[in-house]
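Novice: Mind looking over this structure? Questions follow.
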Amino acid sequence: MRLLINHETVYSLTHAATRSVQYLRLTPRVDRCQRVESWSISGPEHLRAWTDGYGNTVHVASETAAHDALTIRVSGVVATRDTAGVLPLDDGLPPGMFLRSGPLIAASAEIAAFAAPFAGLRAEKGEIAALHAMMSAQADAVAFEPGTTTVTTTAAEAFAAKRGVCQDHAHIFIAACHAIGLPARYVSGYLAAGQGDVATHAWAEVYIPGLGWVSFDAANRQSATEAYVRLAVGPDYAAAAPVIGMRTGGGGEEIAVRVQIEQMQS
């Protein structure tokens, strides 16, 4: 599938800021399920690219003049293919690093109790069957409800509330995997169709020995298909967020996001 993506984020401030710095993880990763045919990124006055510790391309975008608005635009064409949600271990990242917990993905007692039966199913029917069963059970237990959580909501909080968005589903699934001893990580990206946040989508990947990284999108009850585009990976949202930053001064921020994804002819 060839996808034409146009993504624009506009920040408007009631009171001007004197300086802002943002980290943009808005460049698709290079892997076996996608190929970037063209990609451009524009934004504040200065853009500097680097690669973070998880292999993500990051642009540091800085604006040093007083400003009351910022616009970030990315666009390009990505060719994807369906790998049944499986990616070989070929990105140089040791799976064990994704067993570490953190504030957003810490498994509460409630999440651990939810995950426990799937450890037994894992031993009986294998990792893939157990994880698909756990994903389905999570989707039944946690309603997809936009506007009920924020980027700082933890897996424990979202699971206790039994509602959230794709970001929360990814965090919960990662926490549950950790509870039964499986490395799992957060993926941010785009989804051409399905449930997701306005700007981008998020899902989880779990490492299965002998197979590789396998994707699980509990918000949509499926593994990733050719409709998915991977932007960044990390232990949680904070490490893989498409846009995150800070500013000096300013106030009254409003954000407008526009994303268009169009399937192109091959």
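Novice: Just the residues that are surrounded by fewer than 18 Cβ atoms within 10 Å (Cβ to Cβ) and closer than 9 Å to Arg247 by Cβ, please, taken from region 9-32. Before the answer, list the steps.
Specialist: To start, the set of residues in region 9-32 that are surrounded by fewer than 18 Cβ atoms within 10 Å (Cβ to Cβ) comprises 10, 12, 14-16, 18-19, 21, 30-32.
Result: Thr18, Arg19, Val21.
Novice: Now a separate question. Give the residues of region 163-188 that are surrounded by fewer than 20 Cβ atoms within 10 Å (Cβ to Cβ) and over 16 Å from Arg221 (Cα atoms), sorted by residue number. Break it down into steps so the answer makes sense when it comes.
Specialist: First, pick out the residues of region 163-188 that are surrounded by fewer than 20 Cβ atoms within 10 Å (Cβ to Cβ): 163, 181.
Scanning region 163-188 gives a single hit, Gly181.
Novice: Might you let me know whether region 139-148 holds any residue that is in contact with a strand residue (DSSP E or B) (Cβ under 7 Å, 6 or more places away or on another chain) and under 30 Å from Met264 (Cβ atoms)? Reasoning before the result, please.
Specialist: Residues of region 139-148 in contact with a strand residue (DSSP E or B) (Cβ under 7 Å, 6 or more places away or on another chain): 142-143, 145, 148.
Next, only the ones that are under 30 Å from Met264 (Cβ atoms) stay: none.
Scanning region 139-148 turns up no residue that is in contact with a strand residue (DSSP E or B) (Cβ under 7 Å, 6 or more places away or on another chain) and under 30 Å from Met264 (Cβ atoms).
Novice: So the check is Cβ under 9 Å with 6+ separation or different chains; which pairs have a first residue in region 64-80 that's more than 19 Å from Gly251 (Cβ to Cβ) and a second one that's among the β-branched types (Val, Ile, Thr) and part of a loop (DSSP other than H, G, I, E, B)?
Specialist: Here the result reads Val74/Thr27; Gly76/Thr27; Thr80/Thr225, each pair linking region 64-80 to a residue that is among the β-branched types (Val, Ile, Thr) and part of a loop (DSSP other than H, G, I, E, B).
Novice: While we're on this one: Among (1) part of a strand (DSSP E or B); (2) without any contact (Cβ under 8 Å) to a residue 60 or more places away in the chain, which single condition is Ala113 missing?
Specialist: (1)
Novice: Which condition from (1) out of contact with any Asp or Glu (no Cβ under 6 Å at 6 or more places or on another chain); (2) free of Cβ contacts under 8 Å to residues at least 40 places away in the same chain is the one that Arg163 breaks?
Specialist: (1)
Novice: Regarding region 90-107, can at least one residue be identified that is modelled with pLDDT of 95 or more, surrounded by fewer than 17 Cβ atoms within 10 Å (Cβ to Cβ) and either farther than 26 Å from Pro209 by Cβ or not assigned by TED's automatic domain parsing to the domain that holds Gly212 (or both)?
Specialist: Looking for residues that are modelled with pLDDT of 95 or more, surrounded by fewer than 17 Cβ atoms within 10 Å (Cβ to Cβ) and either farther than 26 Å from Pro209 by Cβ or not assigned by TED's automatic domain parsing to the domain that holds Gly212 (or both), one finds at least one in region 90-107, hence yes.
Novice: Still on this structure: Output the strands (runs of 3 or more DSSP E) that fall wholly within region 215-266 and possess 3 or more residues being in the same structural domain as Arg32 (by TED's automatic domain parsing), in contact (Cβ under 8 Å) with a residue 12 or more places away in the chain and farther than 27 Å from Asp140 by Cβ, or say none.
Specialist: So the answer is 243-251, 254-264.
Novice: State all residues of region 176-191 that are in a helix (DSSP H, G or I) and either over 18 Å from the mean Cα position of the chain (by Cα) or of a type in the set (Ser, Thr, Tyr) (or both); if no residue qualifies, say none. Give the steps one after another, and end with the answer.
Specialist: Step one: filter region 176-191 for residues in a helix (DSSP H, G or I), giving 176-179.
Hit for region 176-191 is Ala179, nothing else.
Novice: Name the residue that is farthest from the chain's Cα centre (by Cα), counting only residues in region 138-175 that are in a helix (DSSP H, G or I) and acidic (Asp, Glu).
Specialist: To start, the set of residues in region 138-175 that are in a helix (DSSP H, G or I) comprises 138-141, 155-161, 166-175.
The next check asks that each one be acidic (Asp, Glu); those that pass are 140, 157, 168.
Values: Asp140: 21, Glu157: 18, Asp168: 10 Å.
Taking the candidates together, the pick is Asp140.
The values are calculated or read from the model by the stated rules, or taken from the named source; none is laboratory data. This structure is a prediction, so every number in the text was calculated from the model and none was measured. With ideal geometry, Cβ positions are generated from the backbone for all residues, glycine too; neighbour counts draw on all protein chains shown.
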